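First up is the structure itself, then whatever we jot down about it.
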Amino acid sequence: MAEAAGAPEAEVAELRARLRAVRHKVLVLSGKGGVGKSTFSALLAHGLAADETKQVALLDIDICGPSIPKMMGLEGEQVHQSGSGWSPVYVEENLGVMSVGFLLSSPDDAVIWRGPKKNGLIKQFLRDVDWGEVDYLIVDTPPGTSDEHLSIVQYLSATHIDGAVIVTTPQEVSLQDVRKEINFCRKVKLPIIGVVENMSGFVCPKCKNESQIFPPTTGGAEKMCQNMNVSLLGKVPLDPEIGKSCDRGQSFLAEAPESPATLSYRNIIQRIQEYCEQHHLQEEKIM
């Protein structure tokens, strides 16, 4: 990609300097809203931060619908400034969060901004937030392929992005937008780590029978991944407790360690870690 797709050289150098200490950068995308992308981003961050030797950062660039502060139990927190920039809000010592939600006077405030203002804030988050040494930067994006996605790819291409995880549900209405998302990634040369099928079946806690709440009428994410030559990272079953944990601002992975959904999440997180390590080794060889 050209120098951050036309961003001024001084700006590119500034972003590169700020993000030099960030080892891995992962974008979380979805074609549609409501498929569980922010939930996945929050649980991915919690899962990675379970290893206390790793520093994890979660950046929420869903500017018009920032749900990360609520999900991470940080509603009402404020951003503080220091001599080295904005300080993230910390959930744990090794898990920092930044979101436009921290800049609003109320969680119910509407953000009514045009593209250039959104782009300016994304750039500010990348340039002015003092993340420190970070092993994983997880970026929660809005649904679709809009200004925010172009901006984050443009700015992060000044450094290097490990890739994107795309979240979908099994039904065709969701998958048709994921195909667009995959084509977007290919057009902007954003590597695709893989696809996660969320809300993939529901196991009744009493009778243990599985029901397809969102029937995979065209073969679900598995068939789509085969057709488009993309990895399927895993399938996460529906569990009503995930939503309850998010509403309380707690980690579902810690609250329900034996749940089939937790086991699925752990496998997916492991695959993402393996991909990032492999990608990092390849980058080092090229350099």
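The table for this structure:
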{"read-out": "Sequence of D140, D177 when ordered by accessible area, the most exposed leading, probe 1.4 angstrom", "value": "D177, D140"}
{"read-out": "Apportionment of accessible area to carbon and sulfur, segment 9-286, percent (1.4 Å)", "value": "48"}
{"read-out": "Expected 222 nm ellipticity per residue - DSSP helices of 4 or more, -39500 (n - 2.57), all of the chain, to 500", "value": "-12500 deg cm²/dmol"}
{"read-out": "Gained length - K206 relative to A10, 0.36 nm times residue gap less alpha-carbon distance", "value": "64.5 nm"}
{"read-out": "Antiparallel content of DSSP bridges confined to the chain, in %, to 5", "value": "20"}
{"read-out": "Spatially proximal aspartates and glutamates relative to K235 (Cα-Cα < 13 Å; intrachain offsets below 8 disregarded)", "value": "E197, E222"}
{"read-out": "Gyration tensor verdict on the chain (Cα atoms; rounded if a/c is under 1.5, prolate if a/b is larger than b/c, oblate otherwise)", "value": "prolate"}
{"read-out": "Of the trypsin sites (Lys or Arg not before Pro) in segment 105-174, those whose Cβ has at most 11 other Cβ within 10 Å and which sit in DSSP loop", "value": "R114"}
{"read-out": "Accessible-area ranking of L19, L263, largest first, probe 1.4 Å", "value": "L263, L19"}
{"read-out": "Å² per residue, accessible surface of the chain at 1.4 Å", "value": "46"}
{"read-out": "Model label zone, A17; criterion: amide N under 17 Å from point 7 Å along Cα-to-beta-carbon; scope segment 120-154", "value": "124-133"}
{"read-out": "Area accessible to solvent at H24, 1.4 Å probe radius, in Å²", "value": "0"}
{"read-out": "Segment 1-157: relative contact order as a whole-number percent, Cα under 8 Å and 6+ apart", "value": "40"}
{"read-out": "Residue order for I138, I112 - accessible surface, 1.4 angstrom probe, largest first", "value": "I112, I138"}
{"read-out": "Cβ-Cβ FRET estimate between N267 and K117, R0 fixed at 30 Å, reported to 0.05", "value": "0.15"}
{"read-out": "About the Cα centre, charge dipole magnitude for the chain (Lys/Arg +1, Asp/Glu -1 at Cβ), debye", "value": "820"}
{"read-out": "Segment S106-E77, extension gain: residue separation times 0.36 nm, minus the distance between their alpha carbons", "value": "9.4 nm"}
{"read-out": "Crossing angle, helix 147-156 versus the chain [Cα axis fit, 0-90 degrees, rounded to tens]", "value": "60"}
{"read-out": "Between helix 9-19 and the chain: long-axis angle, C-alpha atoms, 0 to 90°, nearest 10", "value": "60"}
{"read-out": "Most mobile listed residue (N119, N209, N198) in the chain, GNM with C-alpha springs under 10 Å", "value": "N209"}
{"read-out": "Top positive-direction residue, dipole computed over the chain with Cβ charges, set S87, G234, A10", "value": "G234"}
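The values are calculated or read from the model by the stated rules, or taken from the named source; none is laboratory data. This is a predicted model, so every value here is computed, not measured. Glycine gets a Cβ as well: all are built from the backbone with ideal geometry, and neighbour counts include every protein chain shown. With ligands, DNA and RNA removed, areas are computed over all heavy atoms of the protein, side chains included. Shrake-Rupley method; radii C 1.70, N 1.55, O 1.52, S 1.80 Å.
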